[in-house]
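I have placed the structure first, in the form of structure tokens, so that the comments after it can refer back to it.
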Amino acid sequence: MFVLYKRPILYLEKVPTMPTIEVKLCLACGKAVKGRIDKKFCDDSCRNNHNNQLKAEQTNYVRNVMNALRRNRLILQHVLGDKMIRKATLDRLLGMGFQLKYHTHFYDNKKGRHYYYCFDYGYLPIDDEVIWIVKKKTDTN
Ligand SMILES: [Zn+2]
């Protein structure tokens with residue numbers, strides 16, 4: 001018998017290019033989120049976890065700043081003692097844990113001097129080393 005061999009046919013399959021799938025990750029657990037493109041969380045539980053985490057971080061931040069402000073006030077109060085105004089060195093305050101970046105407000109007096117306040121206690125920098133500590137008079141302004 002005569003056998004007819006078929007020539008092999010080379011099929012050039014067109015390889016489909018992978019569509020770029022944007023995988024959104026859950027903001028809480030980091031797993032891939034299925035569903036709408038604007039979905040940020042797997043479910044309500046992940047959403048709640050994330051929101052609670054955010055709230056805790058904000059609460060921590062506010063608490064830390066408030067603690068720093070209270071500490072600054074206590075240091076000013078301690079160094080000032082029962083006087084109304086007193087000279088001190090910045091070094092002394094810093095050595096007690098005073099943090100210059102935290103103050104509640106400013107006060108510019110008529111001479112254009114810039115006082116920094118931590119609640120009712122303030123200080124006026126004279127130079128890089130010396131400050132005057134003051135206590136705000138009890139009238140509100
Ligand atoms: Zn999740």
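The values are calculated or read from the model by the stated rules, or taken from the named source; none is laboratory data. Quick caveat: nothing in here was measured; it's all calculated off a predicted structure. Here the Cβ is made from the backbone with ideal geometry for all residues, glycine too, and neighbour counts use every protein chain on show.
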(request) Report the residue count in segment 109-131 for those that are within 20 Å of Leu69 (Cβ to Cβ) and assigned to a strand (DSSP E or B). (result) 11
(request) Tell me which residues, restricted to segment 22-78, are within 15 Å of the ligand (Cβ to nearest atom), closer than 30 Å to Tyr102 by Cβ and surrounded by 12 or more Cβ atoms within 10 Å (Cβ to Cβ). (result) His50, Asn51, Gln53
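So which of Arg73, Arg47, Arg63 is in contact with a Ser or Thr (Cβ under 9 Å, 6 or more places away or on another chain) and part of a helix (DSSP H, G or I)? Spell out how you get there, then give the answer.
Numbers: Arg47 fails: in contact with a Ser or Thr (Cβ under 9 Å, 6 or more places away or on another chain); Arg63 fails: in contact with a Ser or Thr (Cβ under 9 Å, 6 or more places away or on another chain).
Checking each option against the conditions leaves just Arg73.
Take Arg92 and decide whether it is charged (D, E, K, R), at pLDDT 95 or above and away from the ligand (no atom under 16 Å from the Cβ).
So Arg92 passes the test.
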(message) Which of the numbered conditions does His103 fail, given that it passes all the others? Conditions: (1) exposed (fewer than 12 other Cβ atoms within 10 Å of the Cβ); (2) within 24 Å of Asn64 (Cα to Cα).
(response) (1)
